[in-house]
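S.K.: Handing you this structure, nothing more for now.
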Amino acid sequence: MSLASPVFPQPAFPRTRLRRLRRTPWIRTLVAETALRPADLVQPFFILEGTRQREPVPSLPGIERLSIDLLIPEVERCAKLGIPMVALFPCTPPERKTVDGREAWNPDNLLCRAIRALKRAVPEVGIMGDVALDPYTTTGQDGIVRDGEIVNDETITALVKQALCQAEAGCDVVAPSDMMDGRIGAIRAALDEAGFTSTIILSYAAKYASAFYGPFREAVGSAQALGKADKKTYQMDPANQREALREVALDIAEGADLVMVKPGLPYLDIIARVKDTFGLPTLAYHVSGEYAMIKAAAERGWIDGEACLFETLLAFKRAGADAIVTYAALEVAERLCRQH
Ligand code: PBG
């Protein structure tokens, strides 16, 4: 899709009446330029230690943190509805958090156990593992902090160990969400050297320092650790568009298979430009705060939540996204399957 609008030769009104193609549902369906399918969606899950554990996340209505035994049937539901991939985020017990986040490369950590269990129980669903240290650090930062600074190269060494650990557990897609410079190349090289030549890398290539991540940080339990600190020395400045293209270009050159833009709706311009410029499979992350806003307004009866969700997700497709990570994936897929 090109952003420059082409000039069509068309007869003027009254010969041309665009409303002809909007008169009835069947003609609107016939001429729709984009469609939303369960196959376009990725469902994120928050994982808990223990068994039979289920905790609602207050700021994400409809989303619960689940222990692995309860996660399995939810991922089976995804498989039945045609959702191709799930994204996993572990809630690490506070006593396992350290300054260097070493729990991230413990082969028996919660995430790795969840990956192994799911690959056994529901092998047909793709698993995306988050590569970043924030669930494991006492600082809540995605990288290692030294003298108040998030140190890039030392963090890469840690991220490489974390990515290898996930690949060994059977993770299909490793997804670095940390925004360190050079991590994609280092992870690709290490995966290849270890024989994981088929492990896919999804780069959170253009990830902005956003206030829309609030509910997510509550859900994984990194909000308290982070306190008033921010991630502005590594995540992007919301003022920048051209810089996003540089970020994506570097990650592609380093070996990213898929790229993602995050957050979603406030960054549709970035999604469109990334897709137009590079043509790579491009994902959008409809992040926690965006989902929470829709749910909160719908609960008050101020908007039609379902209609707003569909409109939002369709907007991602129209902008050029090939797939969307959204907390509403299961809910939307269920609705789509009921319609047909
Ligand atoms: C952590 C990570 C974050 C999200 C996904 N991975 C939060 C952050 O960067 O602080 C946010 C997802 C969301 O808000 O839904 N690396």
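The values are calculated or read from the model by the stated rules, or taken from the named source; none is laboratory data. Keep in mind the model is a prediction, meaning the values are calculated, not measured. Ideal geometry is used to build each Cβ from the backbone, glycine not excepted, and the neighbour counts take in all protein chains shown. Ligands, DNA and RNA are excluded from the accessible area calculation, which covers all protein heavy atoms including side chains. Shrake-Rupley method; radii C 1.70, N 1.55, O 1.52, S 1.80 Å.
S.K.: Show log10 I(q)/I(0) for segment 85-182 at q = 0.16, 0.19, 0.22 Å⁻¹, two decimals, from a solvent-free Debye sum over equal Cα scatterers.
M.R.: Evaluating at q = 0.16, 0.19, 0.22 Å⁻¹ gives log10 I(q)/I(0) of -0.61, -0.83, -1.07.
S.K.: Further question: Please say if segment 217-277 is rounded, prolate or oblate, where rounded means a/c under 1.5 for a ≥ b ≥ c the square roots of the C-alpha gyration tensor eigenvalues, and otherwise the choice is prolate for a/b larger than b/c and oblate otherwise? Each step should come with its number before you reach the end.
M.R.: Details: a/c = 2.09, a/b = 1.86, b/c = 1.13.
Taking the square roots of the gyration eigenvalues as a ≥ b ≥ c, segment 217-277 is prolate.
S.K.: Another question, then. Can you tell me the 0 to 90 degree angle between the C-alpha axis of helix 183-193 and the longest principal axis of the chain, rounded to 10?
M.R.: Once rounded, the angle reads 70 degrees.
S.K.: Looking only at Cα atoms, what is the convex hull volume of segment 228-334 per residue, in Å³?
M.R.: Details: hull volume 13.6 nm³, N = 107.
That works out to 127 Å³ per residue.
S.K.: Ignoring ligands, DNA and RNA, what percent of the accessible area of the chain is carbon or sulfur (1.4 Å)?
M.R.: 54 percent
S.K.: Note the full-extension length gain between E193 and A121 as 0.36 nm times their separation in residues minus their Cα-Cα distance, in nm to one decimal.
M.R.: On the way: separation 72, 0.36 × 72 = 25.92 nm, distance 2.85 nm.
Residue separation times 0.36 nm, minus the Cα-Cα distance, leaves 23.1 nm.
S.K.: Write out the GluC sites (Glu not before Pro) in segment 254-340 meeting two conditions: DSSP loop, and at most 14 other Cβ atoms within 10 Å of their Cβ. Let's see the in-between values first.
M.R.: Numbers: sites: E254, E290, E299, E306, E311, E331, E334; in loops: none.
Here no GluC sites (Glu not before Pro) fit, given the DSSP loop and packing criteria.
S.K.: Could I ask something else about it? Skip the ligands, DNA and RNA, and give the accessible area per residue of the chain with a 1.4 Å probe, whole Å². Numbers along the way, then the final one.
M.R.: Numbers: 16220 Å² over 340 residues.
The answer is 48 Å² per residue.
S.K.: Where does the chain land on Rg/Rh, using Cα atoms and the Kirkwood Rh? Can you show the working numbers first?
M.R.: Working: Rg = 20.6 Å, Rh = 20.9 Å.
That ratio is 0.99, to two decimals.
S.K.: So, one more: Counting only trypsin sites (Lys or Arg not before Pro) that are in a DSSP loop and have at most 15 other C-beta atoms within 10 Å, tell me the longest site-free stretch of the chain.
M.R.: Numbers: sites that count: R15, R17, R23, R52, K228, K232, R300.
The longest uninterrupted stretch comes out as 53-227.
S.K.: Counting helices only, and only those DSSP H runs with n ≥ 4, report the 222 nm mean residue ellipticity of the chain as the sum of -39,500 (n - 2.57) divided by its residues, in deg cm²/dmol to the nearest 500. Before the final figure, lay out the partial values.
M.R.: Details: 12 runs with 135 residues, N = 340.
Mean residue ellipticity, 222 nm, calculated: -12000 deg cm²/dmol.
S.K.: Separate question: How many percent of DSSP beta bridges within segment 38-339 run antiparallel, rounded to 5? Show your work: numbers first, answer last.
M.R.: On the way: 6 of 41 bridges.
So the antiparallel bridges amount to about 15 percent of the total.
S.K.: Here's something else I'd like to know. Any of K119/K232; K80/K228; K97/K207; K97/K317 with alpha carbons more than 32 Å apart? Name them for me. The partial results should precede the final answer.
M.R.: Details: K119/K232 36 Å; K80/K228 42 Å; K97/K207 24 Å; K97/K317 38 Å.
With Cα atoms farther than 32 Å apart: K119/K232; K80/K228; K97/K317.
S.K.: What do you get for the angle between helix 288-299 and the principal long axis of the chain? Use alpha-carbon atoms, 0 to 90 degrees, nearest ten.
M.R.: Once rounded, the angle reads 60 degrees.
S.K.: What is the sum of charges around K275, taking Lys and Arg as +1, Asp and Glu as -1, for the other residues whose C-beta is under 13 Å from the C-beta of K275? Before the final figure, lay out the partial values.
M.R.: Details: positive: R273, K317, R318; negative: D269, D276, D322.
Here the charged neighbours net out to 0.
S.K.: Tally Lys and Arg at +1 and Asp and Glu at -1 over the other residues with C-beta under 14 Å from the C-beta of A175: what net charge comes out? Present the calculation step by step, with values, prior to reporting the outcome.
M.R.: Working: positive: R183, R188, K207, K262; negative: D130, D134, D142, D172, D178, D251, D257.
It works out to a net charge of -3.
S.K.: Counting other C-beta atoms within 10 Å, and keeping those with at most 15, which DSSP coil GluC sites (Glu not before Pro) do you find in segment 65-166?
M.R.: On the way: sites: E74, E76, E95, E103, E124, E149, E154; in loops: E124.
For GluC sites (Glu not before Pro) across segment 65-166 that sit outside H, G, I, E and B with at most 15 neighbouring Cβ atoms in 10 Å, the list reads E124.
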